[in-house]
Structures are given as structure tokens and as C-alpha cells.
Amino acid sequence: MLTSQFLLLGAILFCIGVYGVIARKNAVLVLMSIELILNSVNINLLAFALRNGSADGHTFALYIIAVAAAEVGVGLAMVLLIYRNRRSIGLDELSELRG
Amino acid sequence: MILAASEILSPLRDGWFLQHAWLTPVIPTVGFVLIVLFGKRMPKKGSEIGVLSLLASLVLASGAAWQWIQRVGDAGEEQFVSPVVRTWTWWQSGGVEFTIGQHVDGLTVVVLFVVAFISTLVQVYSLEYLRGDRRYTHFFAALTLFSAGMLAMVVAEDMILFLLGWEIMGLCSFMLIGHWWEDGANSRAALKAFFTVRTGDVGLLVGISVLFFAANEWTTTHLGLSGFSIRGVSAWALSGEPNSTVILVAAIALFVAAIGKSGQFPLHTWLPDAMAGPTPVSSLLHSSTMVVAGVFLVARLYPVFFTGLDILGPSSNVIMVIAAITIVIAAALAFVQSDIKRVLAYSTVSQLGYMMLGLGAGAWLPAVFHIFTHAFFKACLFLCAGSVSHSASHHSFDMKEDMGGLRKHMPVTFAAWTVSTLALCGVFPFSGFFSKDEIIDNVGGNGYTFFMVVGLGGAFLTAAYMTRATYLTFFGAARGAAAGVHEVHDAHAGAHDVHDTHAGAHEADDAHAGPHESGILITAPIAILAVLAIFSGLFNATPFGESWEYMKKWVEPRAVVVASESHSGGPGEAFVVSVPSAESGHSESPCGKETPPEGVCYAPQVSHATFKWSKALISLAVVFAGIVLSWVLSAALYGRRDPRLVGLTQRNGLARAGYRLLANKYYLDDLYERGVVGSITGPLARGAYWFNQRILDGILHGVAGISRAVAQVVYRDIDQRLVDGAVNASADVTKAAGTTVQPIQSGRVGHYGALLFATAAVAALVFVILNT
């Protein structure tokens, strides 16, 4: 079934994204991983939309793409500011919230 | 708003003016908005908009009247003349369509013409009378809306629009009566008028609702009309369907509204006080608008009253009883007034009583005819009184103090007053004779002999008090302001038209001229109305034979059975075509409280008394006796100061008691103010004070004492031990917990992400397990 293959692809992308978020120390790579997660969700939505023959899923996917674009914009701006202040974008060094 | 128009399919002619009769109220309404928005910037301060808009309405109303006459001509002698109805859907709610529209028939046309005609003349008169008034623009705005309200009520197709026009008039009368609100008496009079009429208005709401819920089903299935429709309700009332109790309740409720609006006993007390307004307002209010509305309501929904109150039945009904009381008590009150406008006000109340008496006794046409003639001569009388006060008595209305001997100074006003007085008294051949005598004649003809005698007695009293007023104003020696005494009458300032700027503007005029005739803008309307006061009676001159009974031919709805074709219109179906078709037959059976099954009736069958000179001579003799007797007494009392009559009310116990009863207006005002209002407000205030002192303060003191005692206990035991203990304990627990979970907060994003996803994964696992 085509749907299950789409879902499988979504799951794989999701796992890759999660791995990237957890394991990577570079902030830009973490942002990219988040994009992967979001896109895996998109694939899931579109897969179910195709299967049910409704337009709702497509609409949600479009919304998510728009929100993701905004999120990347904000995220890159933050990364840029962090780099300017610290001359580094290593996430391990940003541990000032430690309890 | 305009969704669909339903039309009457009819072979009768309906010209442009009949089709567009709904414009008559719309034009003054637009005029009102324009005056409010732009009036102050116009060269004539907005008055030109008012006059022009009502002139346009007059043209439309005249055209409609002309085309209605043609339409009646088309219908021949026996055929039912269907009204020209156009409706538009206003809004829909729960399957009920609320429509707005026009219903033009003979009654509509005649009242429409009278209202537009008199409104126009009164506006022209006001141009001069209120020149220089400080709220000139507002006055014309309110006056225009006032006429618009009456016109809307007259053309209304259903009770919703009827109610709207009715309430607009109530509001405008409040604004106009209180026009000079700086004087406390004027604003009190305005409030009194408003609240008294509102008391009656409750009846209108109740009546409309009862009719709707009772009639809606029948009218929808038989005629395709809603239960608000005047045609529908009329046909329903005559169909023999209605439950007698329901329709009785509806008729009584509607009659209560008519009592309030038309100043019938016991709610007549607001009408004389309404004299506080400017004279043009009194003239309009007392002739064609406002007070006629109540009579019009009864005439419009006549079938409801006919069936509900069993008109023409064996016993007398509530309308006749109330009307008879009103005729007599109001006429008696007119004798003790010294304010010329109050005499006329009580005269109006009494004449409205005649109209109601006619309606109650089944004399529909004479009553409507009396609306027609009364409007002309009563408007003329009020305008004459205004003219006298404007130009001769220095803004005073006191006949005893400031008038007398004015006939030489004011020839036009005097002539018009005399003509109108003779018309009001019912002297042949003036207009009042034809209408009033017809009412009395028909009341007797329908078998109500007692009420006919009351009507004759009222005619005697009317002739007597009007003669007294005429003598005091125009004959005898000049007194007070009329004699050129220019003093400020502080003692009766409440009865004056107190308006400083106006009085100031005319100070120069009055000072050198003394009493003089008014200007052309005042005398022209008076003269026109006086001519109509003479001749308007000829529109239904029963003494001259059948061929003179134009009013009967044109106005009276014909009581014939009309075949009805019902179209059930669902909520979505906007077109409702009902065909009270004219040519499809009528049967011989008259329309009464039981209508034959093959059709519907829109008007009940009433009989008309045949005119006999022997009966007319009796009433003429009564009127003549009243005039002569009153003239002799007035000349003796006010002219020669006859010692046998002067001060009689102080010397004779019986006369004193009678005078005091009348001077105090039968103590009705006292009853309302002390009895009704006082009994509510006084105990209410005392009760509230007692409640405040005893209950509220007691509770407060008690609560304060208790809470102080409780506070002691609370502080020592609960606050110190329990609450503080709990707070300290929770702080300790929090500290221990924080220390325990501190290592999780590593500050590293990767750890947080891992925790987040791990939790999400566990949660997903739990969901999967739970769902399978």
C-alpha cells in the first residue's frame, strides 16, 4: 500500500531529525534537523489526506510550511546573535540555565 | 430590505398615487433627518424643509384620495372595493414573516388627507408664531416627525408598523409639549402626557399579541396573511371562528390603548396639561394627529371591537359607557377654565367622546366623518387662540384677565373663531351639525336611547361653554393685556407661552400697536380652515338626500362577502397573493358576527338611521338654548357684573361644592398623584429607609462584631499555628524536591531534547497499548 510507504518515509525522516536534534552540537544543524521533523509531519498529513480524499491535510501542510519558514527565520537570527556575542555556535557552551 | 412585493390582482383601477401612498410618511421622515442634520445651516433654519416635505405629502395624499374616488367609481354600487395593499418583507423569524407595507382604503385616504392638510397649515402658521424661538429648528424637526408618525400609522398594513407610528407620535408629543422645558410646569406636563399615554400603550402591545396568537393560524390558512395583518385580523374577527373570551380580551386591551391616546375617561387628564406646549402643537395634537389615533385604532380594527364587545348587541358596551362619561364630564370641566386653550382642550376630550360613542354604537361612518370635520374646526379654534395670544394679549391665554372686546381689533380671527364655534356647537349649516347630529341620530337609531340623550346633553353643554369662551374673548370690555396693560403676569406664568427671546423680539411690536390683527402667515391658515369648517360638512350632508352622501360612498367599507383564495406561503416563499376578488360574487347574507362559509368579510354590516328634520330640530333647539342661556348668563356675570351672580360660588353651598369639584378636576389628578403614584413612591421610600436602617445597618453591625471576635481566634490558632506551619512545611518539601531533580537541569539543549522525545515516545507507546 502506498500510504504505508509514505508513513514509513515520514517515520524515518522523523527519527533522523530527532537524532540530529539530540546529537548535533552545531546550532545550524539542529535547526536543519527540526526542519526534517516538520517535513516528516507534513508527509504524514499528506499521506492521510490522500487516503481520505479530503483537502484538510493539504491545508495543514501549507500552514506548517509557512510556520516553518518563519521559525527558521527566527532561529537563524538567534544563531547569528549568539555567534556575534560568543564567536561560536556550539550548543554545549550555552549551558547558563543549568540548575 | 425590499425582498418581494405582493400585489392585489384586481380589475379596479389603482393609479400611481394609490400605489405610492406609502411615500406620504416616508417624505416627512426624510425631511426630519435633513432638518436634524442640516437645519441650522439652512437660510430659514430648517423650517422650509418641514413645510415642503409636508406639502409633498399633501400632494400625494390628495392624489391618492382622487384616485381612490375613481376606484370606488369603478366598483359600482355593490362590489367590494378592495384596499390597495403593497407589502415588503421586513424580517423573518421562526417562520413568521414580519412585513411592512401600506393598506390604502377609504378610511386611510380620508385621514391621510386630513393629517397632511392640517400639518401643512400648522407648519406655515408656526413660521410666524415661533419666529425667533431659541429652538426653532428642533421644533420643526419634531413637528415634522410627529406628522410622519401619524401618517405611518394611518397607511400601516399591519399592526407592527401601526405600533411604530403610534410610539413615534408618543415620543414627539413629549418633545413638543415640553418644548419650553426651562419652565418646570412644561416639562412636568410633558412627562405626564408621556406616562399617561404609556399606561394605555401597554394595552396596545397586549392587544396586538393576543390578536396575533389567536388569529395567525386562521389568517395563514385562509388568506395567506400573518396574524399582524389588519385585513387578516378583520376577516378573522368576522369569521365566527374566534373564541369569544379571547377576542373580548383583545378588544378591551386595544380599547385601553385608545383611552390613553384619545384622552377618554379616566385617562383624559394629560390632554389639558398638554396645553403647555406651543399653540401650533396643541392645534395639531388636538385636531388630526395623536388624539385621533385612538379613535382611528378603533375604526381601523372595527371588526375586532364589533365582535369582541358585541357592538349593536342588546346591551350597552364599554366603549359607549366610557364615551358617554367622557362627553359629559369634559364638557362640564370646560366651564370653570379661565385659560382659553384649556377650554378647547376639554372640548376636544368631549368631542372625542362623541366619536367613540358613535363607534361604540355601530355608527362607524358618522364617527369617521366627525374625525374629518372636527379636525378642521378644532385646528381653526386653536390657531385663533394662538393668534389672540400672539397679537393681542401679550402671550397670555387667560380669558378673564387678559382678553375681552377683541372683535374690533382682530376681524379675521374673530370671524374664523365664530364660524368654527358654530361648527363645533353643531349649528346648521356648519360642518359640525352634519357630523355630530349624524352620530346622535344613529346612536338613537340603533336603539340606545339613553346614550342619545347623553349626546344631546353634551351638545347643550358644548354650545354653552363655547359661547362663554367667545364672550370672554371677543366681547365685553377689554381687560389686562388686551386693554394695553403691559405688565409681567408672574402669577399665571405657567399658563403663558413663556419664551423670552420671542417675547423680547415682539416687545417693540406690541408696545406701539396694542391688540392688532396677526400677520398673513397666521391669518391665512386660519381663514382656509374656517372655510373648511363651514363647508366640509357637505361631504356627507344626509339632510339633502342620498346623493350628497359622498363620505358613505367613498369611505365606508362595504359589508359584502368576498370569495377568498388562499395561498399557503412557506417561509421561503415571498410571494403571497391573496385575491379578495371583486367580481366573484357576493351573497345576500349580510356580514355579521357569523360569516357564511364561502368567503370572508372585511367589514360588518351596520345600519344607517334615516335623517328626519324633526329629530334634527330637537338637537338644534338644544344647541340654541345652550347658546342663548350661556350668552345671557355670561353677559350678566362678566359684562354687567350682576351682583346676584358674582360670587355665587362663595355664597351658595351647593354651587360652591360643584365649583370645587370641577376646579379640582374631579380630584382625578389628586387620585393619580397621591393615590397611585403616592401610594407607590411614599411607602416605597419609607420601606427602603426602614430596610436600610434596621436590616442593612443591623446586619452590618452584627457582622462587624462577629468578625472581630472571629479574627482573634483565627489569628492565634489558625494563622500562627496552622497556616504558618503549612507554609513552612511546603517550603521544606519544595527545597528537598528541587535538590533532588537539580541534575536534570544540565543547561544543555541536547539533554532537554532527548528528554522531550523520550517522554513523547513513552506517551505514544502508552497510547498505542491503550488503543489496541
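Could you please give the count of residues in the range A:1-23 that are without any contact (Cβ under 8 Å) to a residue 12 or more places away in the chain and closer than 24 Å to A:Glu93 by Cα?
2
Among the residues of the range B:400-422, are any of a type outside the set (Val, Ile, Thr), at pLDDT below 85, assigned to a helix (DSSP H, G or I) and under 20 Å from B:Leu271 (Cα atoms)?
No, because not a single residue in the range B:400-422 is of a type outside the set (Val, Ile, Thr), at pLDDT below 85, assigned to a helix (DSSP H, G or I) and under 20 Å from B:Leu271 (Cα atoms).
Please state which one of B:Val202, B:Val206, B:Val154 is at pLDDT 85 or above, touching a helix residue (DSSP H, G or I) at 6+ places or on another chain (Cβ under 8 Å) and crowded, with 20+ Cβ neighbours inside 10 Å.
Matching residue, one of B:Val202, B:Val206, B:Val154: B:Val154.
Could you list, in sequence order, all residues of the range A:17-26 that are buried (at least 20 other Cβ atoms within 10 Å of the Cβ) and more than 8 Å from chain B (Cβ to nearest Cβ)?
Those that are buried (at least 20 other Cβ atoms within 10 Å of the Cβ) and more than 8 Å from chain B (Cβ to nearest Cβ): A:Gly17, A:Gly20.
Taking the condition closer than 30 Å to A:Asn26 by Cα and either acidic (Asp, Glu) or outside any helix (DSSP H, G or I) (or both), does B:Gly753 pass?
No; evaluated as a whole, the condition is false for this residue.
Could you tell me whether B:Gly447 is without any contact (Cβ under 8 Å) to a residue 40 or more places away in the chain, farther than 16 Å from B:Gly353 by Cβ and surrounded by fewer than 21 Cβ atoms within 10 Å (Cβ to Cβ)?
Yes: the conditions hold for B:Gly447.
Return the only residue of A:Ala66, A:Ala61, A:Ala77 being at pLDDT 90 or above, surrounded by 11 or more Cβ atoms within 10 Å (Cβ to Cβ) and hydrophobic (A, V, I, L, M, F, W, C).
Within the list A:Ala66, A:Ala61, A:Ala77, the selection yields A:Ala61.
Under the condition of being within 14 Å of another protein chain (Cβ to nearest Cβ), without any contact (Cβ under 8 Å) to a residue 60 or more places away in the chain and in a helix (DSSP H, G or I), which residue from the range A:46-99 is nearest to A:Ala23 (Cα to Cα)?
Once the filter is applied, the top-ranked residue is A:Glu93.
Inside the range B:444-465, can you point out the residues that are part of a loop (DSSP other than H, G, I, E, B) and farther than 17 Å from B:Ile322 by Cβ?
Scanning the range B:444-465 gives B:Asn446, B:Gly447.
Quick check: anything in the range B:102-118 without any contact (Cβ under 8 Å) to a residue 12 or more places away in the chain and out of contact with any Asp or Glu (no Cβ under 8 Å at 6 or more places or on another chain)?
no
Looking at the structure I just gave you, is A:Ser4 away from every other protein chain (no Cβ under 13 Å), assigned to a helix (DSSP H, G or I) and at pLDDT below 90?
yes
Between a first residue in the range B:745-761 that is within 9 Å of chain A (Cβ to nearest Cβ) and charged (D, E, K, R) and a second residue that is surrounded by 14 or more Cβ atoms within 10 Å (Cβ to Cβ) and in a helix (DSSP H, G or I), which pairs have beta carbons less than 8 Å apart while being 6 or more apart in sequence or on different chains?
Within 8 Å, the pairs are B:Arg748/A:Leu91.
When residues of the range B:342-386 are filtered for being in a helix (DSSP H, G or I) and modelled with pLDDT under 85, how many remain?
The qualifying residues number 0.
The values are calculated or read from the model by the stated rules, or taken from the named source; none is laboratory data. These numbers come from a predicted model, not from an experiment. When we count neighbours, we look across all protein chains shown, and the Cβ atoms used for this are built from the backbone with ideal geometry, even at glycine.
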